[in-house]
Amino acid sequence: MEDVVDFFIPKCQMLGITAEMFGICDDDDKAEKTPAYVSLENEEKWGAIIKNHSGKPLNFTAVDNCVVVRRDNDDMENRCDAMLSNADNLVFVELKNERQKWFPHAVEQLQKTIDVFKQYNDVSMYKRKRAYACNVRHPNFAYSNKELKQKFYQTNDFRLYDEMTIEFR
């Protein structure tokens, strides 16, 4: 792994988003490896819907295909797609567009990203820590995954959600 993994690298960020509603998109372009991005229009492309009722600006960070995280063998590590943050909130987001068996992989990507983030950053400063596995094919997940969510919280001190809408109050 590199000496320091910087999750706040300017080229990967969009700072001070004040829109009350916006989307996070991740184009299906495996060859191009385009990072996730914020969209204020084209709602049909949104993989996650952000509703900011707090009045506090949000910072967006594209993680996958932007923040460099390497394994010991120098291969790229699996990462979640994006991170949203401000003084009170830290939210990791994994976007999926799959019919089945997607949730465990999404959770694994979120877990690996949180593990790396914690190595280089103090998460105790954030009041609300959450991780979202969003799937456009399953906007409201049918299974509760209660035990997995509880274990995730006990391991990480992050609440795990499996829904497309992320709200800030």
Quiz item: Does Arg99 qualify as being open to solvent by 70 Å² or more (accessible area, probe 1.4 Å), over 12 Å from the mean Cα position of the chain (by Cα) and modelled with pLDDT of 90 or more?
Solution: no
Self-check item: Matching residues, the range 1-60, being β-branched (Val, Ile, Thr), modelled with pLDDT of 95 or more and open to solvent by less than 50 Å² (accessible area, probe 1.4 Å)
Solution: Ile17, Ile24, Val38, Ile49, Ile50
Quiz item: With respect to the numbered conditions (1) part of a loop (DSSP other than H, G, I, E, B); (2) of a type outside the set (Val, Ile, Thr); (3) touching a helix residue (DSSP H, G or I) at 6+ places or on another chain (Cβ under 7 Å); (4) surrounded by 20 or more Cβ atoms within 10 Å (Cβ to Cβ), which one is the sole condition not fulfilled by Asp64?
Solution: (3)
Practice problem: Report, by residue number, each residue of the range 1-38 that is of a type outside the set (Phe, Trp, Tyr), in a strand (DSSP E or B) and either within 14 Å of Val93 (Cα to Cα) or touching a helix residue (DSSP H, G or I) at 6+ places or on another chain (Cβ under 6 Å) (or both). | Solution: Gly23, Ile24, Cys25, Val38
Practice problem: Hand me the list of strands (runs of 3 or more DSSP E) wholly inside the range 74-169 holding 3 or more residues that are touching a Leu at 6+ places or on another chain (Cβ under 8 Å), free of Cβ contacts under 8 Å to residues at least 60 places away in the same chain and not hydroxyl-bearing (Ser, Thr, Tyr). | Solution: 128-135
Quiz item: Residue check: is Ser124 open to solvent by 80 Å² or more (accessible area, probe 1.4 Å) and either modelled with pLDDT of 95 or more or at positive phi (or both)?
Solution: yes
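The values are calculated or read from the model by the stated rules, or taken from the named source; none is laboratory data. On a predicted model such as this, the values are computed, not experimentally measured, just so you know. With ideal geometry, Cβ positions are generated from the backbone for all residues, glycine too; neighbour counts draw on all protein chains shown. These area figures cover heavy atoms from the full protein model, side chains too; ligands, DNA and RNA do not enter into them. Shrake-Rupley method; radii C 1.70, N 1.55, O 1.52, S 1.80 Å.
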